[in-house]
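First comes the structure, then the notes that go with it.
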Amino acid sequence: MLYLFLDIITTAAILFIVSSGLLIIFGVMKIINFAHGVFLTIGGYSSLVVTHFDWNPWFSMPLAFVVGCLLGSVIERTVLRFLYHRPLDAILATWGLGIVLGQLIIIGFGREVQFAAGPVSGAMELFGDFYSKYRLLLIIFSVLVAGAMWLLLKGTRIGLQTRAVIMNEPLARGLGINSSRVRLITFSFGAGLACLAGAFITPLSSVDPNMGLPWLVSAFMLVLVSGNSFLALASACIVLGGAQVLASTYISPVIGGLTLAVLAALLLRIRPKGFAYD
Amino acid sequence: MTRLVTGADANHTYLGLPLHVRFKAVSILTGLALLVVLIGPFVLDPYTQSVLIRAFLLAITALTVDLLWGTTGILTFAQGAFFGIGAYAAGLMFTHVGYTVGTMMLALLAAIAVSMLVAAFVGWLAFWQGATPLYVAVVTLVLPIVVVQLIYSGGAFTGSSSGLVGFDAPSLSMSGWFWFTGTIMVLLTACAWVFIRSDYGRKLNAVRDNETRSRYLGIPTSNVKIILMMFMAALASLAGFIYACVGTIVAPEHADFVFGTELVIYVALGGRGTVLGPVIGTIGLEWASAYVSSILPFVWTIIIGAIFVVVIVVLPEGLLPPIWRALARRLPARLANTAKSKRATVFHPLVEIGAKSSTTSLTQPALSLTSVTKRYGHLQVLNGIDIQIMPGELVGIVGPNGAGKTTLMRCISDGMERSGGTIKVNGKSIDHKSPEGITALGLGRSFQNTSLFGSLRVSECLRLARYPHYKPSKIDTADRVGLPLAAMEVLESTGLQAQLQEQVNNLPHGMKRALELIMVLSLEPSVLLLDEPTAGLTKADRLMIGRILTDLQTRLGLAIVLIEHDFDFVKQVCSRLVVLHRGELILDGPVQEVVNSDLVQEIYSGHVE
């Protein structure tokens, strides 16, 4: 029972970490970044590089974040800023970028499945049960990510400007907010967050060029049911992630794999706002 | 009671070519393409043939993506899944039951039936009122995921991740398959080409350009999309079925979402909405990648991906249209001229003017509102509105900004909008009817911000506005459009009649407003809702609109409701005024009485509590 509970909480934490980068981009720019999956993959390969050079595994996280931010700002300036008025085309263009980046990864690192060292390994005893230490650590990471987002949005000037752009972009521009700069910062931050998430999830599994794809779909669905609210995202992760764990445990892993996407699609059909409450 | 008037200016057909000329062009091109398919096996090596057979089948599937996305605006990733359903229908039947002509027919039937049913369900899920294009993309993304997961979970039955191989299937020689698939591909392409240039194709473009306006013209857009999706699913499934028969192999990759996106990429590169672009693009890219990808395995994918991104960003129309235009410019001048002269002389557009016999009874209200309320959460926007409007009344709704005027219009024209109360149009309750359902009751609505179909021509818009009164042909384009007298008069007096061939985007603002009014009048409504019909118009245009409205009211007995800020205009045309303030109806009476009342003066100067 405790084990199941921990599974639900850690799954929700992982989903939250993986989706938050997509959410911040969707919230501000109203576009879905289909290169999100490949950003996760890049985060995974950042960990691999760190393992390869025998650096401290903790270093993979800042590295992934920085790589993502740089990549994100380049993509925003060269491609995305032409597509703000064509959200469906933005999906396609980011998917095309994902293809290119994914192929570059294959050229650079090969197709095979590889393993990166995690910063923490083994299990710890918890009320008589043993549970993976790293999965428990992910709960803390997700809280840190959420806290950092909250602080950035509520406590900084650029956060205030970002919130203004989320709520009403024409008005924000009228008040002299440089929304183009806000978009640039948002996209590179979102991309950085995505790569960071990739580095976070790498110790749970292996690294391969397609590792981001299944996560992309889950994150995409979660973001659509959350609108632009981090609180809604958190509840969506707990409810839908919980449903996924329960379905995998009690019915079959295959049904579990479908649960999140199918439930999210049905939820949107019944309640277009999803988990958003306003 | 119909008289015919011959207009002297340009015609309405899509290409400006008469029907028989267009069919001749299509027939010649189709014949040439079939000839190429016939010769193919004699000049191509077996490897190229097998590559092209696959390309032909993918081209058919890309064609379905083009009709959905390019023509109708539904970005879909699901066509790959329907292809997979067709392929697995063949694979499962031939593996587990064996191949005979009977089982083949049965499997084909099952493939088409299952994919159409699934498409109907996906359509029901995706195309509800107010679904965003993004949501539609989501649903079409979920379908391939579900299908692939089901294949994985099928174990030995579906062959799981390795698929099914080596089953008995109808066997043809390589050239036989080449001819078979090539012929089907060419014929389907020709049909699709004719189809998207027909009046029905215009209707699909209208749904793509402006779904809301389409609904308020009475087009049931959700049903149109669902039906289109079902037929496109059947076609994709057919292609998948043949694919399984040719290669005697099926695998989860033939159903997954990456395959679905690949099809979208082909369509985008070729040129969405052009039919020929996606087909040529698919065949060309499949053929090229079969050769190049063995020489430059990784780089080829990067090149395709990069070209795709560049095309999406700088050349959204795709590669074929600009190439086509460049070629057309090089056509001998003589040829181009004859095409043009035909355009000017062969056609005499006919505008039918039919006077509508009024069926509305004069004793019951044309529009009746009883305690209509609208809430957004705790915010009460409309509170217990009661209005009765008789035929032949011209009622102005006035009130300061935020009084709830436009909300009221929305509640009248869309049954899902209001939170309480009943609304009757011509004595019939609107219940929770959709806009198109209410349009069928005899209600026509114009919008505060002019709402039209940007990429269509004026004549095409007029034909669409007659939607409830005619069935658009799936092959042909009509050379005439029947307009009711009132619409015809506006058309003549605004001078729009001389611009029937103009694309709507190129019209000046006043003309757009006039066109919207003409379209609404073409519906032959008995109740007309107009949201600021004179906004942004010149004095002369305003006078004209006023004249037309009073004419409609007195001569045809229409009940007209208009929202207006211009008090002079209201005083001039309306017979009765309703004043809204903070969601409440505070005055309802003859124009002079209301305009001169102290209350109205106070509201507009902002002193009322």
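Numbers at a glance
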{"read-out": "Helices (runs of 4 or more DSSP H) enclosed by region A:180-278 - at least 3 residues per element that are under 15 Å from A:Asn33 (Cβ atoms), within 11 Å of chain B (Cβ to nearest Cβ) and open to solvent by less than 30 Å² (accessible area, probe 1.4 Å)", "value": "A:213-226"}
{"read-out": "Sole exception among (1) open to solvent by 20 Å² or more (accessible area, probe 1.4 Å); (2) at pLDDT 90 or above for B:Tyr200, by number", "value": "(2)"}
{"read-out": "Residues of region A:85-94 classified as in contact (Cβ under 8 Å) with a residue 40 or more places away in the chain and either more than 8 Å from chain B (Cβ to nearest Cβ) or outside any helix (DSSP H, G or I) (or both), total", "value": "2"}
{"read-out": "Test set (1) of a type in the set (D, E, K, R); (2) surrounded by fewer than 22 Cβ atoms within 10 Å (Cβ to Cβ); (3) under 28 Å from B:Thr406 (Cα atoms) - B:Arg445 fails condition number", "value": "(2)"}
{"read-out": "Residue in region A:158-171 that is crowded, with 19+ Cβ neighbours inside 10 Å, within 14 Å of chain B (Cβ to nearest Cβ) and touching a Gly at 6+ places or on another chain (Cβ under 7 Å) present", "value": "no"}
{"read-out": "Flag if B:Gly415 is in contact with a helix residue (DSSP H, G or I) (Cβ under 9 Å, 6 or more places away or on another chain), open to solvent by less than 10 Å² (accessible area, probe 1.4 Å) and under 19 Å from B:Pro525 (Cα atoms)", "value": "yes"}
{"read-out": "Any chance B:Met511 is touching a helix residue (DSSP H, G or I) at 6+ places or on another chain (Cβ under 7 Å) and over 29 Å from B:Ala403 (Cβ atoms)", "value": "yes"}
{"read-out": "Condition met for A:Gly68 (assigned to a helix (DSSP H, G or I) and more than 8 Å from chain B (Cβ to nearest Cβ))", "value": "yes"}
{"read-out": "Of residues in region B:141-172 being more than 14 Å from chain A (Cβ to nearest Cβ) and open to solvent by 70 Å² or more (accessible area, probe 1.4 Å), the one nearest to B:Val36 (Cα to Cα)", "value": "B:Leu172"}
{"read-out": "Residues (of a type in the set (Gly, Ala, Ser) and away from every other protein chain (no Cβ under 14 Å)) located in region A:104-133", "value": "A:Ala116, A:Ala117, A:Gly118, A:Ser121, A:Gly122, A:Ala123, A:Gly128, A:Ser132"}
{"read-out": "Members of region A:45-75 found to be of a type in the set (A, V, I, L, M) and open to solvent by less than 90 Å² (accessible area, probe 1.4 Å), listed by number", "value": "A:Leu48, A:Val49, A:Val50, A:Met61, A:Leu63, A:Ala64, A:Val66, A:Val67, A:Leu71, A:Val74, A:Ile75"}
{"read-out": "Selection count where residues are buried (at least 22 other Cβ atoms within 10 Å of the Cβ), over 21 Å from A:Trp95 (Cα atoms) and of a type in the set (Phe, Trp, Tyr), scope region A:1-44", "value": "1"}
{"read-out": "One residue from B:Phe259, B:Phe231 being assigned to a helix (DSSP H, G or I), among the hydrophobic types (A, V, I, L, M, F, W, C), within 14 Å of another protein chain (Cβ to nearest Cβ) and within 26 Å of the chain's Cα centre (by Cα)", "value": "B:Phe259"}
{"read-out": "Subset of region A:141-157 (residues that are of a type outside the set (A, V, I, L, M, F, W, C) and surrounded by 16 or more Cβ atoms within 10 Å (Cβ to Cβ))", "value": "A:Ser142"}
{"read-out": "Residues of region B:120-133 that turn out to be crowded, with 19+ Cβ neighbours inside 10 Å and either at the interface with chain A (Cβ under 7 Å from one of its Cβ atoms) or aromatic (Phe, Trp, Tyr) (or both), as a count", "value": "2"}
{"read-out": "Members of region B:305-321 that are within 14 Å of chain A (Cβ to nearest Cβ), aliphatic (A, V, I, L, M) and open to solvent by 30 Å² or more (accessible area, probe 1.4 Å)", "value": "B:Ala306, B:Ile307, B:Val310, B:Val314, B:Leu315"}
{"read-out": "Flag for B:Ser459 being surrounded by fewer than 19 Cβ atoms within 10 Å (Cβ to Cβ) and not in a strand (DSSP E or B)", "value": "no"}
{"read-out": "Neighbours by Cβ (under 7 Å, 6+ apart or cross-chain): first from region A:36-54, closer than 7 Å to A:Gly212 by Cβ; second part of a helix (DSSP H, G or I) and among the aromatic types (Phe, Trp, Tyr)", "value": "A:Gly37/A:Trp215; A:Leu40/A:Trp215"}
{"read-out": "Unique match (being crowded, with 17+ Cβ neighbours inside 10 Å, within 24 Å of the chain's Cα centre (by Cα) and more than 10 Å from every other protein chain (Cβ to nearest Cβ)) among A:Leu101, A:Leu136, A:Leu97", "value": "A:Leu136"}
{"read-out": "Residues of region B:590-607 satisfying the condition of being in contact with a Lys or Arg (Cβ under 9 Å, 6 or more places away or on another chain) and modelled with pLDDT under 85", "value": "B:Val591, B:Gln592, B:Val594, B:Val595"}
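Condition check ((1) open to solvent by 10 Å² or more (accessible area, probe 1.4 Å); (2) among the hydroxyl-bearing types (Ser, Thr, Tyr); (3) at pLDDT below 95) across all residues:
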{"site": "B:Arg54", "(1), (2), (3)": "yes, no, yes"}
{"site": "B:Ile60", "(1), (2), (3)": "no, no, no"}
{"site": "B:Thr64", "(1), (2), (3)": "no, yes, no"}
{"site": "B:Thr71", "(1), (2), (3)": "no, yes, yes"}
{"site": "B:Thr76", "(1), (2), (3)": "no, yes, yes"}
{"site": "B:Ala90", "(1), (2), (3)": "no, no, yes"}
{"site": "B:Gly98", "(1), (2), (3)": "yes, no, yes"}
{"site": "B:Met116", "(1), (2), (3)": "yes, no, no"}
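The values are calculated or read from the model by the stated rules, or taken from the named source; none is laboratory data. These figures come from a predicted structure and were not determined experimentally. No Cβ is skipped: glycine too gets one built from the backbone with ideal geometry, and neighbour counts run over all protein chains shown. Note: accessible area is taken over every heavy atom of the protein model, side chains too, but ligands, DNA and RNA are not part of it. Shrake-Rupley method; radii C 1.70, N 1.55, O 1.52, S 1.80 Å.
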